[in-house]
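Participant: Just passing along the structure, written as structure tokens.
The values are calculated or read from the model by the stated rules, or taken from the named source; none is laboratory data. Predicted, not measured: the structure shown is a model, and the values here were computed from it. All Cβ positions, glycine included, derive from the backbone under ideal geometry; neighbour counts span all protein chains shown.
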Amino acid sequence: MASETEEKLDIKSLTLPELTEVLTGMGEKAFRAKQLYQWMHEKLATGYEEMTNLPASLRETLKERFWYASLDIVQVQESKIDGTRKYLFALRDGNVVESVWMQYKHGNSVCISSQVGCRMGCRFCASTLDGLERNLTPSEMLEQIYAITRHTGQRVSNVVVMGTGEPLDNYDNLLQFLHLLTDENGLNISQRNVTVSTCGLVPQMKRLAKEKLQITLALSLHASNDEKRKALMPIANRYTIRELMETCEEYFQATGRRITFEYSLVGGVNDTDEDAAELSKLAAPLCCHVNLIPVNPIKERDFVSSEAKRVLAFKNKLERNKINVTIRREMGRDIDGACGQLRRKHIEAKREAGMEED
């Protein structure tokens, strides 16, 4: 299966101009590319057989020559608390990825994965425990949103690239995905309704700034000094907080878009008054927003969430220092809500089943 996908062009990852060039090169009229593009990215077809206004001969040729990404749902968990749904999808090569569908007053949000696994090694994250398997293609990122839209029957208005993986570690595929997602000929989601997270890959952040996109860039900061950040996030050994802050300022100057600092509060680790004071000093010179996240515990680590009163005290300290701050509403805690938990549970179950067969 995997070798077949490598040989065939990934048709759902092509922009409309790229698709038009491919089809006209095959001797087809340009309007066929527009029809095909609409089936893939507007009507969200699961395969060529649904594209009834394309000639049967063309559909057969497309099936022979091009790989068509379509994800199968392996499992859906729905929160009894808030209706959040966590999806586990099977990829063509046997790997699995997870996505989350969340309902808010302002619309439906989907949080997608950008890689199978992750190599960043953040200490509190389940996504990285088995390392990086491979990057996702633009079509595999899109298809997480498309599959959830088909399953729920509801439009997605906000997309967050904050699931498994480091998006900027899959830079080229991410950029193509963003162009496809926000294309007026597809779902036409506003760039301002898209958030991309990063643990702080400075060179890629600088590249992204030059694209001058109107997306929100969310920096996973999680500590207010280099010493604590190194203990939580190995990437901090490569790039200092000072470098990150300078890059955030560059990003804002280039795009005019306010940076979001994601800050997971770990009980007794990074939630002291001193941490809040240090974070205030970092945030004050920048046009930024701080998003406090009570850490979602995973069984492989001994980190615990900060107590509610400590979270509130931390927030109040930042606000007294005139920092724009919110506490992230907890979603899906009763359904393996943390990044990578559901996928890891699935992998462990397969391993155990294999051992029993042996």
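Participant: Return the only residue of GLU227, GLU250, GLU278, GLU211 being free of Cβ contacts under 8 Å to residues at least 40 places away in the same chain and over 30 Å from TYR146 (Cβ atoms).
Facilitator: Exactly one of GLU227, GLU250, GLU278, GLU211 is free of Cβ contacts under 8 Å to residues at least 40 places away in the same chain and over 30 Å from TYR146 (Cβ atoms), namely GLU227.
Participant: Another one. Do you know which residues across region 81-91 are in a loop (DSSP other than H, G, I, E, B) and either in contact with a helix residue (DSSP H, G or I) (Cβ under 6 Å, 6 or more places away or on another chain) or not assigned by TED's automatic domain parsing to the domain that holds ARG134 (or both)?
Facilitator: Residue satisfying the conditions is ILE81 alone.
Participant: If you scan region 276-312, which residues turn out to be at pLDDT 90 or above and among the basic types (Lys, Arg)?
Facilitator: LYS281, LYS309, ARG310
Participant: Please report, ordered by residue number, the helices (runs of 4 or more DSSP H) entirely within region 191-303 with at least 1 residues that are under 23 Å from the mean Cα position of the chain (by Cα).
Facilitator: So the answer is 202-211, 226-232, 241-255.
Participant: Still on this structure, please answer the following. For region 99-134, how many residues meet the condition of being charged (D, E, K, R) and under 17 Å from ARG328 (Cα atoms)?
Facilitator: Going through region 99-134 one residue at a time, the tally reaches 1.
Participant: Give the number of residues within region 130-158 that are assigned to a loop (DSSP other than H, G, I, E, B), of a type in the set (Gly, Ala, Ser) and surrounded by 15 or more Cβ atoms within 10 Å (Cβ to Cβ).
Facilitator: Matching residues across region 130-158 total 1.
Participant: Right, another one. Restricting region 230-269 to residues that are of a type in the set (D, E, K, R) and surrounded by 17 or more Cβ atoms within 10 Å (Cβ to Cβ), which is farthest from ALA283 (Cα to Cα)?
Facilitator: Per the criteria, the residue is ARG257.
Participant: Taking VAL194 as meeting all but one of (1) in the same structural domain as TYR251 (by TED's automatic domain parsing); (2) of a type outside the set (S, T, N, Q); (3) on the phi < 0 side of the Ramachandran plot, write down the number of the exception.
Facilitator: Failing condition for VAL194: (1).
Participant: If you go through region 103-124 one residue at a time, do you hit one that is charged (D, E, K, R), part of a helix (DSSP H, G or I) and in contact with a strand residue (DSSP E or B) (Cβ under 8 Å, 6 or more places away or on another chain)?
Facilitator: No - not one qualifying residue is present in region 103-124.
Participant: Same structure, new question: In region 30-71, which residue that is in contact with a Leu (Cβ under 8 Å, 6 or more places away or on another chain) and in a loop (DSSP other than H, G, I, E, B) is farthest from ASP172 (Cα to Cα)?
Facilitator: It comes out as LEU54.
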